[in-house]
Amino acid sequence: KLPDQCMVCEADFDKKDKEMVQNWSVVVHDKKEQVRLYCPSCWDQAVKLVEEVMYDFSEKLENSDE
């Protein structure tokens, strides 16, 4: 069920390329039976976005306590 390209930018993924296999990220949703594949660039952008959202959320929580 592993896709052949990044779910975001659609960059091609070569399952036989050892470097790609080691550097790309796979997310498996067992309940939905979904497998999603992300290239390193898209994965890094997603992680940064999540970190920003979490930071903003924690800032709002701290400010609401004041």
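Conditions tested, residue by residue: (1) part of a helix (DSSP H, G or I); (2) open to solvent by 100 Å² or more (accessible area, probe 1.4 Å).
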residue	(1), (2)
3	no, no
32	no, yes
41	yes, no
53	yes, no
58	yes, no
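Restricting to the stretch 21-43, what's the tally of residues that are touching a strand residue (DSSP E or B) at 6+ places or on another chain (Cβ under 9 Å) and not aromatic (Phe, Trp, Tyr)?
Keep residues of the stretch 21-43 that are touching a strand residue (DSSP E or B) at 6+ places or on another chain (Cβ under 9 Å), which gives 24-29, 34-40, 42-43.
Filter once more, so that each one left must be not aromatic (Phe, Trp, Tyr): 25-29, 34-37, 39-40, 42.
The number of residues fulfilling the criteria is 12.
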Name the pairs whose Cβ atoms lie under 9 Å apart, with the first residue in the stretch 44-57 and closer than 24 Å to residue 23 by Cα, the second of a type in the set (Phe, Trp, Tyr) and surrounded by 10 or more Cβ atoms within 10 Å (Cβ to Cβ), and 6 or more positions between them or separate chains? 46/38
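The values are calculated or read from the model by the stated rules, or taken from the named source; none is laboratory data. Source: prediction; values computed, not measured. Every residue, glycine as well, gets a Cβ built from its backbone with ideal geometry; the counts of neighbours run over all protein chains shown. Calculation scope for accessible area: heavy atoms of the full protein, side chains included, ligands and nucleic acids excluded. Shrake-Rupley method; radii C 1.70, N 1.55, O 1.52, S 1.80 Å.
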